[in-house]
Every structure is written in C-alpha cells, then in structure tokens.
Amino acid sequence: MPLTNFQFSASYTYLDQALRARWDSFRALEREMDSFVPRPADDYQPKRDLELARLRVLNPDHDPDQLAAFVDKQTEFASSPTWQFHERFDARHMAEYVTVTVIAQALSEALINAVLAIGLANAGSADLFPLIERAEFKDKWLAGPKSFAPGFEFPKGSALHETLVALSKQRNSLAHHKVQLSVDAEQVLAGSKFERLQLTEERSWFRRYFSLPYDLAELAHRTLPDVPLFGLLSDRAPIERAPQHDT
C-alpha cells in the first residue's frame, strides 16, 4: 500500500548546504584564474642576484659562470608564465577539487539511499533496503530503483552517466588511496589512479561534479513519479546546471 503518512530524516541537507556553499568560492577562483597576468621576468632579477651571491659564498671554488648558468636556468623556470600560474593556483584549485569531489559523491550517495529507502517502503519492501544499500555507489543508481520500479532505466551512455562514473572513480581514488609500489624495478602493487588533467578540463569536470547530485535528483523525480520524494534535493541555487547533462 503506498505511503500516506510518513517522515524521513534530512541530515543529507548538511552535505547539500556544504556543496552549495562551495560554489561562490569556486567561481571566485575561476574569475581570478581567468584574469591572471604573469609578472614580468625582470621582477625576478633581484631574487636571482641574491641566489647567485649565496651560492658563490657556499661554493667558492666552483666556476662562477657555471653557477650563473645554473641560477639563470632556475630563474627562467620560476619566472615562466606557466609556473607562475601553477604556483599561484594549483594548490588552491586542488583544495576545491578534492573538497567538491568528496562532498558531491557523498551527497549523490545520500540521495540514492533516500530514494531507495522511500521507494522500497512505498512498495512494502523496506526490509530489502539493508541488502540493496550495500551495493556499490554507481550500481545503486543504475539498478537500485528497479527493485521497486521495474520500468526504471538509468540513461546509460549519457553525459549524466559519464559524470556519475567519473565522480565515483575520482572519489574512490582519493578516499581509498593505495600507493603504487615497485621492488627492484618490478611493479608489485598497481595502486590507485588519481588522474590529473589540464586545469581547463578539470574545471569542466568540476562543474559537472557540482551539478550531478541535483541532476540525479531531477532524474529521480521525473522517472519515479509514483514514489513520494517530496522536495528531495529540489533546490540547487546557486549551482548552475552542467550543460553536458542536457544531452
């Protein structure tokens, strides 16, 4: 008998609030990255001269020209626009990326757990929840709703599916990290594979991870109309919908 009088806890809203609170910080970082102007190479000359003087004191018997060439190479690298950008933004970008990856996956899993619990209870099969909940995160989204809505079909092959798989892989590589280990030049353990991309490409995935929980919620509301999901993750502001998820 369909549920008519029921309540469910909403502790998942803390994850929702945490993720939405990161959006303005992410957008501010994006704007700063987009407006970045590298310092001119001449700004590095005083530091270059100090470093050369220091090395000459520490290495009085070393060829001065070789020391100068060594310091000049270091200075050229440090003053390059690419390194300046990396030094200024990479750690901050990665702090945001890791935070959003972990929170977005946790919220997406909290959402499917809520959908499964409510859907199974609505179908009179709440006792199956402990069994189905043990499944891997992606599988719960791909097949879990079939336990109470046999006609449910997750849009496999879509950008939404692609983001779900990518987020799950990246989160697992962070939360369950294992080192790659070699002994006598022979690999013993493959380890985790956390993939770094070009910053512009990572920013695109960033937006998709932000968007995913709310787009999954829209999918659940649209494809499970008989399940009373009353307002479950219905407000995404200020997070923008990833345009890829429209295809």
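When the Gaussian network model of the chain links Cα atoms closer than 10 Å, the mean-square fluctuations of LEU116, LEU128, LEU224 top out at LEU128. Site pair GLN198 and GLU153 shows an inter-label distance of 3.6 nm when each label is modelled 7 Å from Cα along Cα→Cβ.
Towards the positive end of the charge dipole of the range 34-173, with charges on Cβ (+1 Lys, Arg; -1 Asp, Glu), say which of SER79, ALA135, PRO60 has the farthest Cα. Result: ALA135, furthest along the dipole toward the positive end. Phi-derived couplings, Karplus 6.51 cos²θ - 1.76 cosθ + 1.60 at θ = phi - 60°, listed residue by residue for the range 181-196: 10, 10, 10, 6, 6, 10, 5, 9, 10, 6, x, 7, 10, 7, 9, 8 Hz, with x used for Gly and Pro. Largest to smallest in accessible area, the residues GLU202, GLU153 fall in the order GLU153, GLU202 (1.4 Å probe, all protein chains included).
The GNM of the chain, with springs linking C-alpha atoms under 10 angstrom apart, assigns the highest mean-square fluctuation among SER25, SER182, SER211 to SER182. Using the rule -39500 (n - 2.57) for each DSSP H run of four or more residues, divided by the residues of the chain, the 222 nm mean residue ellipticity is -20500 deg cm²/dmol. Rolling a 1.4 Å probe across the protein heavy atoms gives the chain an accessible surface of 58 Å² per residue.
Accessible surface comparison of TRP205, TRP23, probe 1.4 Å, protein chains only, largest first: the order is TRP205, TRP23. Note on THR13 and SER173: the extension gain reaches 55.1 nm, defined as 0.36 nm multiplied by sequence separation minus the Cα-Cα distance. Phi-derived couplings, Karplus 6.51 cos²θ - 1.76 cosθ + 1.60 at θ = phi - 60°, listed residue by residue for the range 85-99: 5, 4, 5, 7, 10, 4, 5, 5, 4, 5, 4, 5, 4, 5, 4 Hz, with x used for Gly and Pro.
Taking the range 60-89 and a reference point 7 angstrom along Cα→Cβ of ASP43, the backbone N atoms nearer than 12 Å belong to 79-81, 84-85, 88. What the Kirkwood sum gives for the chain is a hydrodynamic radius of 21.7 Å, with every pair of different alpha carbons counted.
Taking the chain as a Gaussian network of alpha-carbon nodes connected by springs under 10 Å, the highest mean-square fluctuation of the residues ASP34, ASP139, ASP215 belongs to ASP34. In units of the compact-protein estimate 2.2 N^0.38 Å, the range 159-247 shows a Cα radius of gyration of 1.45.
For the range 64-134, which trypsin sites (Lys or Arg not before Pro) pass both filters: DSSP loop (anything but H, G, I, E, B) and at most 11 other C-beta atoms within 10 Å?
ARG134
Computed over protein heavy atoms with a 1.4 Å probe, the carbon and sulfur contribution to the accessible area of the chain reaches 55%. Entry for the range 74-125 at q = 0.22, 0.23, 0.27 Å⁻¹: log10 I(q)/I(0) = -0.80, -0.83, -0.93, Debye formula applied to identical alpha-carbon scatterers, no solvent contribution. Ranking VAL183, VAL57, VAL115 by solvent-accessible area of protein heavy atoms (1.4 Å probe, all protein chains present), from largest to smallest, gives VAL57, VAL183, VAL115. Label separation (ASP226 vs HIS62): 7.7 nm, computed from points 7 Å beyond Cα along the C-beta direction.
The values are calculated or read from the model by the stated rules, or taken from the named source; none is laboratory data. This one's a predicted model, so the numbers in the text were calculated from it and none came from an experiment. FYI the Cβ positions are ideal-geometry reconstructions off the backbone, even for glycines, and counts take in every protein chain you see. SASA here: full protein model, heavy atoms, side chains in, ligands and nucleic acids out. Shrake-Rupley method; radii C 1.70, N 1.55, O 1.52, S 1.80 Å.
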